[in-house]
Amino acid sequence: MIRHCVFARFRNNADATERAAIHADLEALRRVIEGMGKVEFSANVSPEPFARGFTHGFTIDFRDAAARDAYLVHEAHQRAGARLVAALEGGTDGLMVFDLEISA
């Protein structure tokens, strides 16, 4: 399984409504990407001082790398990703992506 972890620094004017819409766009991809699990989206709640300005994040579990790769190139993901980047502080500078291979 691949756990796709995305961390974001939203612009101050990217309100809760816009963040919820981005989450909904990503969650909708489950209907068209086989092997894609639920999108878990949250503000950072860690008490540790290591967030480096990343205020929110989300994870998606994929059955395997092939499902993750299908997600990455899907046109609906490209649109959702563009909407996400547009809402971030500094565009892609406000984004960090990290994929973990999780053994079952």
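No lab work stands behind these numbers, since they all come straight from the coordinates. Quick caveat, the model's predicted, so the values are computed rather than measured. Backbone-built Cβ (ideal geometry, glycine too); neighbour counts: all protein chains shown.
Within the bounds of the range 30-40, is there any residue that is assigned to a helix (DSSP H, G or I) and either under 18 Å from Asn12 (Cα atoms) or of a type outside the set (Val, Ile, Thr) (or both)? Before the answer, list the steps.
To start, the set of residues in the range 30-40 that are assigned to a helix (DSSP H, G or I) comprises 30-31.
Next cut, either under 18 Å from Asn12 (Cα atoms) or of a type outside the set (Val, Ile, Thr) (or both) only: 30-31.
Yes, the range 30-40 contains at least one residue that is assigned to a helix (DSSP H, G or I) and either under 18 Å from Asn12 (Cα atoms) or of a type outside the set (Val, Ile, Thr) (or both).
Using the structure shown, decide if Asp25 is of a type in the set (Asp, Glu), surrounded by 16 or more Cβ atoms within 10 Å (Cβ to Cβ), under 19 Å from Leu88 (Cβ atoms) and touching a residue at least 40 places away in the same chain (Cβ under 8 Å).
Numbers: of a type in the set (Asp, Glu): yes; surrounded by 16 or more Cβ atoms within 10 Å (Cβ to Cβ): yes; under 19 Å from Leu88 (Cβ atoms): yes; touching a residue at least 40 places away in the same chain (Cβ under 8 Å): yes.
Answer is yes for this residue.
Determine the pairs where a residue that is touching a residue at least 40 places away in the same chain (Cβ under 8 Å) and surrounded by 10 or more Cβ atoms within 10 Å (Cβ to Cβ), located within the range 37-54, has a partner that is of a type outside the set (Val, Ile, Thr) and assigned to a strand (DSSP E or B) with Cβ atoms under 6 Å apart, the partner being 6 or more residues away or on another chain.
From residues that are touching a residue at least 40 places away in the same chain (Cβ under 8 Å) and surrounded by 10 or more Cβ atoms within 10 Å (Cβ to Cβ), the pairs are Phe54/Phe7.
Is the range 77-93 home to any residue that is over 12 Å from Leu29 (Cα atoms), of a type outside the set (Asp, Glu) and in contact with a Cys (Cβ under 6 Å, 6 or more places away or on another chain)?
No, the range 77-93 has no match at all.
Considering only the range 1-29, state which residues are outside any helix (DSSP H, G or I) and among the aliphatic types (A, V, I, L, M).
Residues of the range 1-29 outside any helix (DSSP H, G or I): 1-15.
Met1, Ile2, Val6, Ala8, Ala14, listed by residue number.
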